[in-house]
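Worksheet: one structure, shown below.
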Amino acid sequence: MAVVGLFWITEDAVYLGAEPVGTASGVRLTEDGVEALGIDHGTYRSWSEVRRIDVRDVPVRSAGRRLVSMAIDSLLVAVTGDGELPPAYTVRVETAEDTVEVSVLSAVAGGIYQPVEYDLSRTLLARLADGGTTVADLLAWRRDHADGTPPREEREALLRKWADG
């Protein structure tokens, strides 16, 4: 598994946010289409049906503010012993007939994305929806790089490459 921007990339699928476990909600992108997962969802749309994929309420902060937020969260957990799930955000999958909204958990450490990766991820979502890029490109990279999540500079370069198609 590797996390690049908003994408959790496995050997056979790409998830927006963290890969859901059990009955948790999530969004899986495959070479054939988009699947909304979870108890309240279970819908599938082929790429030819998808007009747009958008994300809302994504926790985004600059690198400095992200570090401060993570430090405060760590301190609270250390003092209270209370851990929380990472922040959730909303994924909207639009077709000509309907719109499906799914809540997904953030996949990055600390649950907060940096602005550049967030913006590039949104551009990539638009390219996936319009057919300019395919999930196969992300999966091919993952098969060739089984060593986990790359450093920030490499993640940004990958997102730029995939978004430019």
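The values are calculated or read from the model by the stated rules, or taken from the named source; none is laboratory data. Since we're looking at a predicted model, the values are computed, not measured. Here the Cβ is made from the backbone with ideal geometry for all residues, glycine too, and neighbour counts use every protein chain on show. Surface accessibility is based on the protein's heavy atoms, side chains included, excluding ligands, DNA and RNA. Shrake-Rupley method; radii C 1.70, N 1.55, O 1.52, S 1.80 Å.
Observations, loosely collected:
- Measuring nothing but how far apart in sequence close Cα pairs (under 8 Å, 6+ apart) lie, relative to its length, the chain scores a relative contact order of 30 percent.
- Among TYR113, TYR44, TYR15: highest mean-square fluctuation, GNM of the chain, C-alpha pairs under 10 Å: TYR44
- Distance between the pseudo-spin-label points of ARG152 and SER48 (7 Å out from Cα toward the beta carbon): 4.3 nm.
- Using a probe of 1.4 angstrom and keeping all protein chains present, the accessible surface of the chain works out to 52 square angstrom per residue.
- Within the accessible area of the chain (1.4 Å probe), percent carbon and sulfur: 50
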